[in-house]
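The values are calculated or read from the model by the stated rules, or taken from the named source; none is laboratory data. Treat the numbers as computed from the prediction; the structure is a model and nothing was measured. Please note: Cβ atoms are built from the backbone with ideal geometry, for glycine as well, and neighbour counts cover all protein chains shown. Note: accessible area is taken over every heavy atom of the protein model, side chains too, but ligands, DNA and RNA are not part of it. Shrake-Rupley method; radii C 1.70, N 1.55, O 1.52, S 1.80 Å.
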Amino acid sequence: AKEQGRNNFQFYSATYNRAALEHISLEAGLRRALSNDELELYYQPLVQACTGKVVGLEALLRWNDPREGAIAPDRFIPVAEDSGLILPLGEWVIREAGRQLSVWQAAGLSNACVSVNVSAIQLQRQDLVAIVDDVLEENGLNPWQLELEITETALMKIRPEVIGYLDKMRQKGVTISLDDFGTGYSSLSLLQELPISKLKIDKSFVRDMLIDPKDAAIVSAVLFIAKSLGLSSTAEGVETPEQAAYLASEGCDQLQGYLLSRPLPAAEMTRFLKSRKAL
Ligand code: C2E
Ligand code: CA
Ligand code: CA
Ligand code: CA
């Protein structure tokens, strides 16, 4: 038994070391990615449920590692958060998204709004108000053209002071939305206390809502809460026309998902916007 215990430990420690090594090499890689232009934003449209009009574009970060190829954000965002690299990285995302939107706007392709995902650490440690002001001014954008998406879990962790500055941004007209809504454990009173304007229904509920009545009930409940509190609503992960029709009939404001478009690199999104405009 003793022998086995030691083997278990060796096994555990080998697995642990592998994870730790991967973490370290990802961190070194990310540092390089930031200075070597290996980061790229993909864009996914948000459309108005009743008209199909593109009203928003969510910026989703991609890392093109020269050796490993594309690395998904779910793998490197946690590493960026642990190492503090999320601060320069997150700032780059806001600046790049603002710059790209102004390019589309100047080309007459979009007067939509761009949304960026913001991590809890950015909220705690970065002067987001200054960055946002700067990006709006530099690119000649209206505050309503910028949307910050914050996950429910991230918002639960923030200090009371942060609420004050989120409020400042909302008063300016910047949209603050609660991402992955329904997956965290926030109490409904949080919705009343936080300066948010929009709820994004997590794609896990949308996926099964036409099969599982419990998911359908959650979707209806979230839409009801949004309406009651005067918040707008977006459903993510919409993959079928049936899902889109159901969400529209339930009064969901905006739809996002593979049905409308996968996230696309900027050049492909330009073509997408042009073809939409020609309709
Ligand atoms: P998220 O903000 O919830 O983004 C939605 C995710 O769902 C994206 O994954 C998107 O590609 C995917 N998706 C979109 N439509 C569909 C669909 O119809 N079906 C399915 N199954 N999936 C769909 P992605 O791009 O891999 O991003 C994963 C997560 O990484 C994001 O989840 C977000 O939390 C985080 N992330 C992405 N970019 C950034 C960033 O710039 N900063 C931070 N802090 N987090 C980011
Ligand atoms: Ca998001
Ligand atoms: Ca989400
Ligand atoms: Ca998510």
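A few comments on the model shown:
- Taking a ≥ b ≥ c as the square roots of the eigenvalues of the Cα gyration tensor, the range 38-77 is prolate, since a/c reaches 1.5 or more and a/b is larger than b/c.
- Amide proton proximity set for Glu58, modelled H, under 5 Å, gap of 5+: Gln44, Leu46, Ser115
- Positive-end ranking of Leu260, Ser83, Leu188 along the dipole of the chain, with charges on Cβ about the Cα centre, is headed by Leu260.
- Going by accessible surface with a 1.4 Å probe and the largest first, Tyr43, Tyr185, Tyr165 read Tyr185, Tyr165, Tyr43.
- Rounded to the nearest 10 degrees, the angle from helix 73-83 to the longest Cα principal axis of the chain is 70 degrees.
- For the cross-link pairs Lys53/Lys227; Lys214/Lys277; Lys172/Lys214; Lys168/Lys214, the ones whose C-alpha atoms lie over 31 Å apart are Lys214/Lys277; Lys172/Lys214; Lys168/Lys214.
- Note, ³J(HN,Hα) from phi for the range 118-127, Karplus 6.51, -1.76, 1.60, rounded to Hz, x at Gly and Pro: 10, 8, 4, 5, 4, 4, 7, 10, 10, 7
- Inter-part distance, the range 31-69 to the range 156-185, computed on C-alpha centroids, equals 22 Å.
- Estimated vicinal HN-Hα couplings, Hz - the range 168-185 in sequence order (Karplus 6.51, -1.76, 1.60; Gly, Pro = x): 4, 5, 5, 4, 5, x, 5, 7, 10, 10, 9, 8, 6, 4, x, 8, x, 10
- For Lys200, the aspartates and glutamates whose Cα comes closer than 17 Å to its Cα, not counting residues fewer than 8 places off in the same chain, are Glu58, Glu147, Glu149, Glu152, Asp179, Asp180, Asp208, Asp215, Glu236, Glu239, Glu250, Asp253.
- Percent of Cα-Cα distances greater than 30 Å, calculated over the chain: 35
- Surface composition of the chain: carbon and sulfur atoms hold 54% of the protein heavy-atom accessible area at a 1.4 Å probe.
- Between helix 128-139 and the chain: long-axis angle, C-alpha atoms, 0 to 90°, nearest 10: 50
- The value given for the range 114-163 is a Kirkwood hydrodynamic radius of 11.7 Å, derived from the mean inverse Cα-Cα separation.
- Amide proton proximity set for Asp65, modelled H, under 5 Å, gap of 5+: Ala70, Ile71
- Largest-first principal axis extents, alpha carbons of the range 52-207, Å: 43, 41, 35
- Helix-only arithmetic for the chain: the sum of -39500 (n - 2.57) across DSSP H runs with n ≥ 4, divided by the residue total, places the mean residue ellipticity at 222 nm at -17500 deg cm²/dmol.
- Rounded to the nearest Hz, the phi-derived 3J(HN,Hα) couplings of the range 245-260 under the Karplus curve 6.51 cos²θ - 1.76 cosθ + 1.60 (θ = phi - 60°) are 5, 4, 4, 4, 5, 7, x, 6, 6, 10, 10, 9, x, 4, 4, 8, where x marks glycine and proline.
- Of all beta bridges that DSSP places with both ends in the chain, some 40 percent have antiparallel geometry.
- Taking the longest Cα principal axis of the chain as reference, the axis of helix 213-229 is set at about 60 degrees.
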